[in-house]
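Reading through the structure tokens given below for one structure.
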Amino acid sequence: MNTKLKVSKVSKIYPGCIANDNVSLNFKSGKIYALLGENGAGKSTLVKILSGVINPDQGQIFLNDKLLKLNSPKDAKNNNIGMVFQHFNLFETLSVFENLSIDSEKNNDQLRILVNNILKKYNFKIDLDVPILSLSAGQKQKVEIIRCLIRNPKVLIMDEPTSVLTEQETEDLFLSLKKFSKEGILIIYITHKLKEVLSLCDEVAVMRKGKVVSISRTIDEELSSLANKMIGESLNKIKKMTSNNFSEEQILTVSKLNFNSEDPYEVNLVDINFTLNKGECLGIAGISGNGQNELFQILSGETLSNNGSIKFRGKEISKLNPKERREYLMAFSPEDRISQAAVPSLKIYENVALNNFKTSNFFEKGLFNERKIKDHSKKILSNFSVNTDNVNLKSQFLSGGNLQKLILGRELITSPELLICFNPTWGLDVGAINYIHQTLVKINEQGKSIILISTDNDELLQLSDRISVINNGKLSKIMSADEVNPEKLGLLMGGGLVD
Amino acid sequence: MIKIERRDETSNLIYFLTPVLAIFLTLVTGAIIFYLLGFKPLEALKFFFITPISDLYGLSELLVKATPLCLIAIGLSFCFKSNNWNIGAEGQLTFGGIVGGGVALLFYNHEGFYVLPLIILAGAIGGMIFAMIPAILKIYFNTNEILVSLMLVYVSKLLLDYLVVGPWSNPEGFNFPETRQFSDSARLPILFEGLRIHAGIFIALVSVFLAWVILFKTYLGFQIKVSGLSLKTAKYAGFKGKTMILLVFMVSGACAGLAGVGEITGPIGQLHRMISPEYGFTAIIVAFLGRLNPVGIVFASLIVALTYLGAETAQIFLQVPKYTGQVFQGMILFFLLASDFLLFFKIKFLGFKKYEY
């Protein structure tokens, strides 16, 4: 059985961003194809188009030369396109078999025979009658795969399948995928992990900023060439704006920090060590979902690490909560500005009051000092050029850029010694991005320090004095911004090593 | 294709008017139900909602019923506002009644000004301690407070049952499942001769005022509000989440306990099996009908109290079961939730869209 899948000139445009730009790809059964790219490269959009979740603005998809109309995930299923998402769609309290029978037209006896055959054929060891919640992540993924196999798929799409798996489980998965491929199932494997591309796949298409930039056979590639393609050459052109004259005084020392999460979708942090000097900007790069969130939360005190120490200006702060850390002059700007850094339905001055210091006297003897908070808020609005002076406005009516200015203003107006920010310019327009970058540079010039966790490499190279890369919960060695090049960055982000 | 979208903004006026709309829809549906049962709808509604409060005695009864509802709902608003789902106010009321009643029985042959305050204090503490159980289990073992608080209702009811039948039953009571009558010093003073309305109403009014100050004017109230809107933000701001869970449950439990002790030292005057006609559950409706706002809760408690009275008159004049009252309470909640849905979301009818490739 030969399967040909053709993606022809597919484009998808979102307001302010071209997610897929004239993407054309050809897939044939018998091979495993990798779709490689960093965040926002357009991989997920393409996958969603292939699985019928979204419709492309332009372009067609052909399966064995037949034009496909995929208006819903059901259409994709009916055309024998199977899909295993990064996050599982299983009912935790139902048994494996019940989960499988939900969207199957077969009667239970037929289905059980079919599933047992699949289990035997691929040597999957799963008890069909235990609830999903008792399974490991790898087993849950197998259930998802079995769900696809029941429908005799011609195409199987795997979206970042190894992010929740252990090494052993990853090896098992690769063996199964190779077996499927031999049997004529066309496999499209989406990842940002370079090593997996080389060890598993036959061909690799690299995407960057919505475009397919290269299609090649993996035997012609190596880690460094893939890294270069994934990150792009443009980085070299960007010059850092800040001067390197930060002082030798260490303001923050993080040592032997570990974090084991109970949530399987969170990343465990492993042995995090770094120091930060006064007036320095330390950039932390990485593909999103590699532990940035967890690192931010542990540095801000929202989550506490299992062990290790965080010393800030000589004081151990690893057991303090965010409010207590703020009293020691730390400030935090989280990635999720809409539902974490501020509450949309609260007024501007109420959102300012979230950052309540002992010295700010927002609450005198426990009572709300509305006038004081409003005066303080007005100061933030004018100092940080937010385009309103109405402190009674609900925050939901601020644009992303103005909201971010408000949040940064709230955090910075107390002149903190250290600002930790996570994707501060995510989703903003150019004007707002410039303003925020200038603000960050100004902080450094005033001798204050910054930890900039970002998935935007241009931004990191523009602002950071030193850069480290986080991959799967581990920090790479810290490099001076001058010695960073696209190849090194790409290798580290893709899980490789540099000397 | 039908699409449901969140509305950008809902005005405050409409936010407080939808409960009125919900009550109106309840009346219309009630009229239809009465019509289907073979009554004249308007007359039936008059028996239900007007006859009960057409004299002084009726008004006094309305306040007697509204007092515990208001008190409990005030306490519940602290929990609900901060995303803590305390469903067990009935249990906290009962336990407050047990502890307060225990103290009252201890002093059954004492007279003195100190007796009543002691009983009230004991009742509040009883309710508070009982509410701390789900809070502590939630904090340390991540249990679901809805289940725990609900199950504890039956624990306290059975405990009350055991006490009034067994060790605390009146020695001269011919084995009726009830305790001795409390002494006069253990009773809340009656406000008007011949009516049942008692001083408990002042406790409710003071709690309304305190709740308003705490919720709208203090740092604690601000923390409760933020936690209710976004737990993520509360965590980011560094609010002490666990302490707050405990605190709101304690406030809620204390209010329910006060309501319980207000019943036994007010209209009842002793402990028996039925110290509350499920005030603790009905107060959940009151809290939401009042928009978790202390002033709103005052009005809501009066309206819901009326359904209790209406059910009694309807039972007498229309020979319908008194559970009609619960039907009306259920309808109010149903219509409130339904109109809330339309308040926060809009439904769009799109028709079938064709996609071009």
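Each value in this text was obtained by applying a stated rule to the coordinates, not by laboratory testing. What you see is a predicted model, and the numbers here were worked out from it, not measured in a lab. FYI the Cβ positions are ideal-geometry reconstructions off the backbone, even for glycines, and counts take in every protein chain you see.
What do you get for Rg/Rh of region A:146-189 when both radii come from the Cα atoms and Rh is the Kirkwood radius?
0.96
Using only the alpha carbons of chain B, determine the length spanned along each of the three principal axes and report them from longest to shortest in whole angstroms.
Extents along the principal axes, in whole Å: 88, 59, 34.
Among A:Gly210, A:Ala342, A:Asn273, pick out the residue whose Cα is farthest towards the positive end of the charge dipole of the protein assembly as shown, where Lys and Arg carry +1 and Asp and Glu carry -1 on C-beta, about the Cα centre.
A:Gly210
In chain A, what % of DSSP beta bridges are antiparallel (nearest 5)?
55 percent
In debye, nearest 20, what is the charge dipole magnitude of region B:112-193 about its Cα centre with +1 on Lys and Arg Cβ and -1 on Asp and Glu Cβ, if you could check?
With Lys and Arg at +1 and Asp and Glu at -1, about 260 debye.
Using only Cα atoms and rounding to the nearest 10 degrees, what angle (0 to 90) does helix A:137-149 make with the longest principal axis of chain A?
40 degrees
What is the distance, in nm, between label points placed 7 Å from the Cα along the Cα-to-Cβ direction at B:Asn175 and at A:Glu167?
Each label point lies 7 Å from its Cα, and together they span 7.7 nm.
Could you run the Karplus curve 6.51 cos²θ - 1.76 cosθ + 1.60 with θ = phi - 60° over region A:275-280 and give me ³J(HN,Hα) per residue in whole Hz, x for Gly and Pro?
For region A:275-280, the Karplus curve yields 10, 10, 8, 5, x, 9 Hz.
A:Asp75 versus A:Lys211, label points 7 Å from Cα toward the beta carbon: distance in nm?
2.9 nm
Just the number, please: Stokes-Einstein D of region A:4-231 in µm²/s, Kirkwood Rh from C-alpha pairs, 37 °C, 0.692 mPa s.
Rounded, D is 181 µm²/s.
What nm value, rounded to one decimal, do you get for the distance between A:Cys17 and A:Ser399 when each label is placed 7 Å out toward the C-beta?
That separation, rounded to one decimal, is 1.7 nm.
Under a cut-off of 16 Å between alpha-carbon atoms, report the aspartates and glutamates in cross-link reach of B:Lys346, not counting same-chain residues fewer than 8 places apart.
B:Glu5, B:Asp8, B:Glu9
What ranking do B:Arg180, A:Arg466, A:Arg325 get, fewest neighbouring Cβ atoms within 10 angstrom at the top?
Lowest to highest Cβ neighbour count: B:Arg180, A:Arg466, A:Arg325.
Work out the charge dipole of region A:4-231 with +1 on the Cβ of Lys and Arg and -1 on the Cβ of Asp and Glu about the Cα centre, then indicate which of A:Leu165, A:Tyr33, A:Ser11 is farthest towards its positive end.
Of the listed residues, the answer is A:Ser11.
Just for the Cα atoms in the protein assembly as shown, what are the lengths along the principal axes, largest first, rounded to whole Å?
Its Cα atoms span 99, 71, 49 Å along the three principal axes.
Given B:Ile146, B:Pro189, B:Ala104, which one lies farthest toward the positive end of the charge dipole of region B:58-189, if we put +1 on the Cβ of every Lys and Arg and -1 on the Cβ of every Asp and Glu?
Working it through, the farthest residue towards the positive pole turns out to be B:Ile146.
Under a 5 Å amide H to amide H cut-off, with H placed in plane at 1.01 Å, what residues pair with A:Val213 once short-range neighbours are removed?
For A:Val213, whose amide H was placed from the backbone, the distant partners under 5 Å are A:Val206, A:Met207, A:Arg208.
Starting from the amide H of A:Gly30, placed 1.01 Å from N in the peptide plane, find each other amide H under 5 Å away whose residue is 5 or more places distant or on another chain.
A:Gly184, A:Ile185, A:Leu186, A:Ile187
Using the structure shown, select from A:Lys374/A:Lys405; A:Lys372/A:Lys394; A:Lys372/B:Lys225; A:Lys140/A:Lys179; A:Lys358/B:Lys138; A:Lys372/B:Lys81 the pairs with a Cα to Cα distance greater than 22 angstrom.
A:Lys358/B:Lys138; A:Lys372/B:Lys81
Which of the lysines could a cross-linker bridge to A:Lys311, judged by Cα under 18 Å and excluding same-chain residues fewer than eight apart?
List returned: A:Lys256, A:Lys278, A:Lys319, A:Lys323, A:Lys448.
Please list, in order, the residues from region A:327-343 whose amide nitrogen is less than 18 Å from a point placed 7 Å along the Cα→Cβ vector of A:Leu304.
Answer for region A:327-343: A:327-328.
Per-residue ellipticity at 222 nm for chain A, helices alone: DSSP H runs ≥ 4 residues times -39500 (n - 2.57), over residue total, nearest 500 deg cm²/dmol?
-9500 deg cm²/dmol
How far is the Cα center of region A:470-499 from the Cα center of region A:397-463, in Å?
Cα centroid to Cα centroid, the span is 23 Å.
Is region B:144-188 best put as rounded, prolate or oblate by its Cα gyration tensor, with a ≥ b ≥ c the root eigenvalues, rounded for a/c under 1.5, and otherwise prolate when a/b is larger than b/c, oblate when not?
The shape class here is oblate.
What is the angle, in °, between the Cα long axis of helix B:115-141 and the longest principal axis of the Cα atoms in chain B? Nearest 10 is fine, range 0 to 90.
Taking Cα atoms only, the helix is inclined about 40 degrees.
Using a Förster radius of 22 Å, what is the FRET efficiency between A:Ser255 and A:Glu324 based on their Cβ-Cβ separation? Nearest 0.05, please.
Rounded to the nearest 0.05, the efficiency is 0.65.
Between A:Gln86 and B:Phe141, what's the calculated FRET efficiency when r is the beta-carbon distance and R0 is 30 Å? Round to 0.05.
Efficiency, rounded to the nearest 0.05: 0.45.
Roughly how far apart, in whole Å, are the Cα centres of region A:149-176 and region A:361-395?
Cα centres, region A:149-176 to region A:361-395: 52 Å.
Which value, in debye to the nearest 20, gives the size of the charge dipole of chain A about its Cα centre, when Lys and Arg are +1 and Asp and Glu are -1 at the Cβ?
Rounded to the nearest 20 debye, it is 880 debye.
What GluC sites (Glu not before Pro) in region A:46-144 are in a loop by DSSP, with at most 16 other Cβ atoms within 10 Å of the Cβ?
Listed in order of number, the matching sites are A:Glu92, A:Glu105.
Which of A:Ser216, B:Ser276 comes first, and how do the rest follow, when ranked by fewest Cβ neighbours within 10 Å?
A:Ser216, B:Ser276
So between A:Arg151 and A:Thr414, what do we pick up on full extension, going 0.36 nm a residue minus the alpha carbon distance?
88.7 nm
For region A:252-312, which chymotrypsin sites (Phe, Trp or Tyr not before Pro) pass both filters: DSSP loop (anything but H, G, I, E, B) and at most 15 other C-beta atoms within 10 Å?
The qualifying sites are A:Tyr265.
Within a 10 angstrom radius of the beta carbon, how do A:Met493, B:Met151, B:Met132 rank from fewest other beta carbons to most?
B:Met151, B:Met132, A:Met493
Which of rounded, prolate, oblate describes region A:286-369, given a ≥ b ≥ c as roots of the alpha-carbon gyration tensor eigenvalues and a/c under 1.5 marking rounded, otherwise prolate only if a/b is larger than b/c?
oblate
Which value, in debye to the nearest 20, gives the size of the charge dipole of chain B about its Cα centre, when Lys and Arg are +1 and Asp and Glu are -1 at the Cβ?
1520 debye
Round to the nearest 10 and give me the degree value, 0 to 90, for the angle of helix A:108-122's Cα axis relative to the longest principal axis of chain A.
80 degrees
Select from region A:358-404 those trypsin sites (Lys or Arg not before Pro) which occupy a DSSP coil region and have at most 16 other Cβ atoms within 10 Å, ordered by residue number.
A:Lys358, A:Lys365
Counting DSSP beta bridges in the protein assembly as shown, what percent are antiparallel, to the nearest 5?
60 percent
Just tell me which lysines come within less than 17 Å, Cα to Cα, of A:Lys209; anything on the same chain fewer than 8 places away is out.
Straight-line reach from A:Lys209, under 17 Å: A:Lys9, A:Lys12, A:Lys43, A:Lys48, A:Lys229.
Please work out the FRET efficiency for the pair A:Asn2 and A:Asp129, using the Cβ-Cβ distance as r and a Förster radius of 45 Å; give the result to the nearest 0.05.
0.75
Could you tell me what % of all Cα pairs in chain A have separations over 38 Å?
More than 38 Å apart: 35 percent of the Cα pairs in chain A.
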